[in-house]
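Student: One structure coming up, written as structure tokens, with questions to follow.
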Amino acid sequence: MFGSQLHNQRTSWNAILATLQMMESGRWTNAWFFDHFIPPWGFTAEVRDHDGFDTFEGWSLLCAAAAATSRLKLGVLVTGNTYRNPALLAKMVATVDHISNGRAILGIGAGWNIREHEAYGWDFPSMRERSDRLEEACALIKTLFSADGLVDFEGRYYRLQQAPFAPKCVQIPHVPIMVGGMGEKRTLKTLAMYGDIMNVMVGPDEVKRLSGVLEQHGEIVGRDPGEIARTVHVPMRIENDEVKAARLRNGRDWMMIGPKNYVIDRAADFIEAGVTGFGLQSIPNKPEIYDELDREVLSAFD
């Protein structure tokens, strides 16, 4: 149920490995990395000082984590579709699924960081085109995951010609697909069509509302929304200074930031709203912090 997105930036492999080992020994169920090439702290094309901070590539970290762990489910939260051909991504996912013996999760989204697109020379289409590309990429990946024999695919943006896809995923019928994002018209529709996991960055009330939107899309496309897990990407932090905790929440009192019992109660609110998984954010790569959260918070949900 409880997982966390480890930091790719301003860290070391040794710090990541020590954190993964602590998570493996405790109640944590999954570990994630992000798919950014500079720290994702800006929303414009402006060049910022933090762009030069050390930042590891997420899928390479995931592959190493697959070999270094034995229990945690593993994913990138979430892969930017604009950075890789989706057929290549499908092969990467299947490879990690074999290395991990069936613990991979495919997180995918439309891509949003204009700064790194410009920095590395990737096209940054309109939001509409990126949404179109995401839908088509999910269709292509699902086709590869489920097809027997060679695959032909003729889309507007992607094409396969007698493409083999072997080995298949270890997981049956395939690696779970998380479609990340909260776009009500397009992203949640793509999720209803092709995904297995919803992931959003909102409070419990908004989770309920977006779940209702997802259910409407499911009715239209003929998909049982009960097949799709609800997960959230939100912070968790024990902060015993009430004034500081309130400042960090900044009016969003659903955030899991505060004394231990406050954090536990807010986590329970998410679970009551239908959330079955947490991909926590903003937790430093420090084993002692993960151990504290395990003992003080996660244990309350045994």
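The values are calculated or read from the model by the stated rules, or taken from the named source; none is laboratory data. What you are looking at is a predicted structure, and each value in this text was computed from that prediction instead of being measured. Because the Cβ atoms are built from the backbone with ideal geometry, glycine has one as well, and the counts that use them run over all protein chains shown.
Student: Against the definition (of a type in the set (Phe, Trp, Tyr), at pLDDT 95 or above and surrounded by 20 or more Cβ atoms within 10 Å (Cβ to Cβ)), how does Trp13 come out, yes or no? Let's see the steps before the verdict.
Tutor: Numbers: of a type in the set (Phe, Trp, Tyr): yes; at pLDDT 95 or above: yes; surrounded by 20 or more Cβ atoms within 10 Å (Cβ to Cβ): no.
So Trp13 fails the test.
Student: Could you grab me the full set of residues in the range 193-241 that are of a type in the set (Asp, Glu) and without any contact (Cβ under 8 Å) to a residue 40 or more places away in the chain?
Tutor: Answer for the range 193-241, where residues must be of a type in the set (Asp, Glu) and without any contact (Cβ under 8 Å) to a residue 40 or more places away in the chain: Asp196, Glu206, Glu215, Glu219, Asp224, Glu227, Glu239, Asp241.
Student: Out of all the residues in the range 8-34, which are touching a residue at least 60 places away in the same chain (Cβ under 8 Å) and either touching a helix residue (DSSP H, G or I) at 6+ places or on another chain (Cβ under 8 Å) or aromatic (Phe, Trp, Tyr) (or both)? Even if it seems obvious, please write down each step before you answer.
Tutor: Taking the range 8-34 first, the residues touching a residue at least 60 places away in the same chain (Cβ under 8 Å) are 11, 15-16, 18-19, 21-23, 26-30, 32.
Residues satisfying the conditions are Ile16, Ala18, Thr19, Gln21, Met22, Met23, Gly26, Arg27, Trp28, Trp32.
One line per residue, one yes/no per condition, for (1) farther than 20 Å from Glu242 by Cα; (2) touching a residue at least 12 places away in the same chain (Cβ under 8 Å); (3) under 23 Å from the mean Cα position of the chain (by Cα); (4) surrounded by fewer than 17 Cβ atoms within 10 Å (Cβ to Cβ):
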{"residue": "Ile257", "(1), (2), (3), (4)": "no, yes, yes, no"}
{"residue": "Lys260", "(1), (2), (3), (4)": "no, yes, no, yes"}
{"residue": "Val263", "(1), (2), (3), (4)": "no, yes, yes, no"}
{"residue": "Glu272", "(1), (2), (3), (4)": "yes, yes, yes, yes"}
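Student: List pairs: first in the range 146-174 and of a type in the set (Asp, Glu), second surrounded by 10 or more Cβ atoms within 10 Å (Cβ to Cβ) and assigned to a strand (DSSP E or B), Cβ under 7 Å, 6+ apart or cross-chain?
Tutor: Asp152/Leu160
Student: Restricting to the range 122-148, name every residue that is farther than 15 Å from Leu89 by Cβ and touching a Pro at 6+ places or on another chain (Cβ under 9 Å).
Tutor: Matches in the range 122-148: Asp132, Ser146.
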